[in-house]
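S.K.: Please read through the structure below; I'll follow up with questions.
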Amino acid sequence: MSQAPSFERVLVVEDLDEPRRWLAELLPQALPVVRVVDAAASLAQARALMASHTYGLALVDWGLPDGHGGELIVELLAARPDAVVVVATIHDDDAHVFPALRAGASGYILKSQPAEVVMAQLRRIEQGEPALSPSIASRVLKHFHEVRVADAKSQVQLTEREVEVLRLIAKGYK
């Protein structure tokens with residue numbers, strides 16, 4: 001089992017007041033090591049906080065008034081490559097999930113889930129596991145299954161005669 005990460009100070013970036021407060025209250029309940037939760041309602045506010053602090057854990061909404069969470073994920077990881085950045089959003093479609101993961105998010109949770117479910121997902125971070133909503137984990141697995149199937153279909157199937165000709169060429173016949 002990996003060592004439990006230390007997240008005494010965390011960042012929550014969420015443009016809506018109620019979900020921002022909800023996440024900020026949930027974090028210390030889910031992860032007792034959390035001592036301080038800094039909250040921002042925009043990329044600009046988050047960047048101002050990041051000028052004074054480096055975060056090992058951040059919960060970032062994808063849709064923000066002055067950009068999207070992907071920009072911030074890249075910046076958080078540039079400041080601290082081992083940071084755990086979890087996207088906390090309402091978007092559960094491929095157009096949001098995969099760009100977030102490509103940006104470097106190490107988790108993706110849906111704010112529409114009950115508090116107990118979100119807390120359980122956040123607790124996984126202490127064991128070095130990704131905080132993933134079950135529907136997101138299923139979406140990721142389905143995506144890679146579809147990629148594998150598409151790759152298998154795109155492989156060229158040779159006829160018996162083509163294989164025979166290739167064998168003869170390999171033996172030096174012209």
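The values are calculated or read from the model by the stated rules, or taken from the named source; none is laboratory data. Since we're looking at a predicted model, the values are computed, not measured. Here Cβ is always computed from backbone atoms with ideal geometry, including for glycine, and neighbour counts include all displayed protein chains. Ligands, DNA and RNA are stripped out before the accessible areas are found, and what is left, the full protein with its side chains, is counted by its heavy atoms. Shrake-Rupley method; radii C 1.70, N 1.55, O 1.52, S 1.80 Å.
S.K.: Check VAL97, VAL74, VAL117, VAL87 and return the single one that is assigned to a helix (DSSP H, G or I), under 16 Å from the mean Cα position of the chain (by Cα) and at pLDDT 90 or above.
M.R.: Working: VAL97 fails: at pLDDT 90 or above; VAL117 fails: under 16 Å from the mean Cα position of the chain (by Cα); VAL87 fails: assigned to a helix (DSSP H, G or I).
Going through VAL97, VAL74, VAL117, VAL87 in turn, just one is assigned to a helix (DSSP H, G or I), under 16 Å from the mean Cα position of the chain (by Cα) and at pLDDT 90 or above: VAL74.
S.K.: Assess whether ALA39 counts as being within 19 Å of GLN121 (Cα to Cα), aliphatic (A, V, I, L, M) and part of a strand (DSSP E or B). Even if it seems obvious, please write down each step before you answer.
M.R.: On the way: within 19 Å of GLN121 (Cα to Cα): no; aliphatic (A, V, I, L, M): yes; part of a strand (DSSP E or B): yes.
Answer is no for this residue.
S.K.: So, of the residues in segment 45-59 that are touching a strand residue (DSSP E or B) at 6+ places or on another chain (Cβ under 9 Å) and among the hydrophobic types (A, V, I, L, M, F, W, C), which turns out to be surrounded by the fewest Cβ atoms within 10 Å (Cβ to Cβ)?
M.R.: Going through the qualifying residues, I end up with ALA48.
S.K.: Being out of contact with any Asp or Glu (no Cβ under 9 Å at 6 or more places or on another chain) and at pLDDT 95 or above is true for just one of ALA48, ALA40, ALA79. Which residue is that?
M.R.: Values: ALA40 fails: out of contact with any Asp or Glu (no Cβ under 9 Å at 6 or more places or on another chain); ALA79 fails: at pLDDT 95 or above.
The conditions single out ALA48.
S.K.: Among the residues in segment 109-126, are any closer than 22 Å to GLU8 by Cα, polar (S, T, N, Q), open to solvent by 50 Å² or more (accessible area, probe 1.4 Å) and without any contact (Cβ under 8 Å) to a residue 40 or more places away in the chain?
M.R.: no
S.K.: Here's something else I'd like to know. Between GLU146, GLU129, which is modelled with pLDDT under 85, open to solvent by 30 Å² or more (accessible area, probe 1.4 Å), among the acidic types (Asp, Glu) and closer than 24 Å to LEU72 by Cα?
M.R.: Working: GLU146 fails: closer than 24 Å to LEU72 by Cα.
Step by step, each of GLU146, GLU129 is checked, and only GLU129 is modelled with pLDDT under 85, open to solvent by 30 Å² or more (accessible area, probe 1.4 Å), among the acidic types (Asp, Glu) and closer than 24 Å to LEU72 by Cα.
S.K.: In segment 1-26, what residues are open to solvent by less than 30 Å² (accessible area, probe 1.4 Å) and either closer than 16 Å to VAL118 by Cα or at pLDDT 95 or above (or both)? Steps first, please.
M.R.: Just the residues of segment 1-26 that are open to solvent by less than 30 Å² (accessible area, probe 1.4 Å), to begin with: 7, 10-14, 23-24, 26.
Result: VAL10, LEU11, VAL12, VAL13, GLU14, LEU23, ALA24, LEU26.
S.K.: Could you tell me how many of the residues in segment 42-71 are among the small types (Gly, Ala, Ser), more than 20 Å from the chain's Cα centre (by Cα) and under 20 Å from ALA100 (Cα atoms)?
M.R.: Here is the first cut: in segment 42-71, the ones among the small types (Gly, Ala, Ser) are 42, 44, 46, 48, 51-52, 56, 58, 63, 67, 69-70.
Retained after the next criterion (residues that are more than 20 Å from the chain's Cα centre (by Cα)): 44, 48, 51-52.
Restricting the remaining residues to those that are under 20 Å from ALA100 (Cα atoms) gives 44.
Residues meeting the conditions: 1.
S.K.: Take ALA39 and decide whether it is surrounded by fewer than 20 Cβ atoms within 10 Å (Cβ to Cβ), within 20 Å of the chain's Cα centre (by Cα), in contact (Cβ under 8 Å) with a residue 12 or more places away in the chain and under 12 Å from VAL13 (Cα atoms).
M.R.: Numbers: surrounded by fewer than 20 Cβ atoms within 10 Å (Cβ to Cβ): yes; within 20 Å of the chain's Cα centre (by Cα): yes; in contact (Cβ under 8 Å) with a residue 12 or more places away in the chain: yes; under 12 Å from VAL13 (Cα atoms): yes.
In short, yes.
S.K.: Right, something else. Quick check: is even one residue across segment 86-94 out of contact with any Lys or Arg (no Cβ under 9 Å at 6 or more places or on another chain) and open to solvent by 30 Å² or more (accessible area, probe 1.4 Å)? First the steps, then the outcome.
M.R.: Applying the first criterion (out of contact with any Lys or Arg (no Cβ under 9 Å at 6 or more places or on another chain)) to segment 86-94 yields 86-87, 91.
With open to solvent by 30 Å² or more (accessible area, probe 1.4 Å) added as a condition, the list becomes 91.
Yes, that holds for at least one residue.
S.K.: Output the residues belonging to segment 5-36 that are among the acidic types (Asp, Glu) and within 15 Å of ILE125 (Cα to Cα). Don't jump to the end; show me each part of the working.
M.R.: Taking segment 5-36 as the starting set, the residues that turn out to be among the acidic types (Asp, Glu) are 8, 14-15, 17-18, 25.
Within segment 5-36, GLU8 is the sole residue that qualifies.
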